[in-house]
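Data first, discussion second: the structure below is written as structure tokens.
Derivation of every value follows stated rules applied to the coordinates shown; laboratory data play no part. Treat the numbers as computed from the prediction; the structure is a model and nothing was measured. In this analysis, Cβ positions are derived from the backbone assuming ideal geometry, glycine residues included, and neighbour counts consider all displayed protein chains.
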Amino acid sequence: MTASQPPNTAEELRGAGLRVTAARVALLETVRYGDHLGVEAIASGVRDRVGHISLQAVYEALNALTSAGLVRRLEPPGSPALYEGRVGDNHHHLVCRSCGVVVDVDCAVGHAPCLTASDGRGFAIDEAEVIYWGLCPPCSKASSSAP
């Protein structure tokens, strides 16, 4: 008996009901191997892999992949949308107020405690989006050493 292999990118696209194209494969892999990427960075990564792709095609593919649950879109206030490949685990983010770096952070305690609102008002809550704001270590160090 052989251990099952994780699905490859094309199989994941098919499994999500999406047509497999070289651009979609390149886009999904670019997002997954990147780190909270904006649309321009994603387009550049796709172009490095498959050649020309329009920004409109990138936006359309990102919308399809986000709707299918293969990528996650996050929108820190005051920043352009960012995309990541870490999906399905209800993690949160740290955002540096100075340089804008975004870092994943797991829920504070136990299994997704953030899904228990103090007053859910009858909602069937299935996701929480928490953004912690502050200064990353390099920016904190720079601000504390500034005259």
Original post:
Based on the Cβ-Cβ distance of Glu60 and Val87, what FRET efficiency does E = 1/(1 + (r/R0)^6) give at R0 = 22 Å, to the nearest 0.05?
Top reply: 0.70
Original post:
If you take the Cα Rg of the stretch 18-82 and divide it by 2.2 N^0.38 Å, with N the number of residues, what do you get?
Top reply: 1.02
Original post:
When DSSP beta bridges are limited to those with both residues in the chain, what percentage is antiparallel, rounded to the nearest 5?
Top reply: 65 percent
Original post:
If Lys and Arg each add +1 and Asp and Glu each add -1, what is the summed charge of the other residues whose beta carbon sits under 15 Å from the beta carbon of Ala81?
Top reply: -4
**OP:** Report the equivalent ellipsoid semi-axes for the stretch 1-111 in whole Å, largest first, defined as the square roots of five times the eigenvalues of the gyration tensor built from alpha carbon atoms.
**Re:** 24, 21, 12
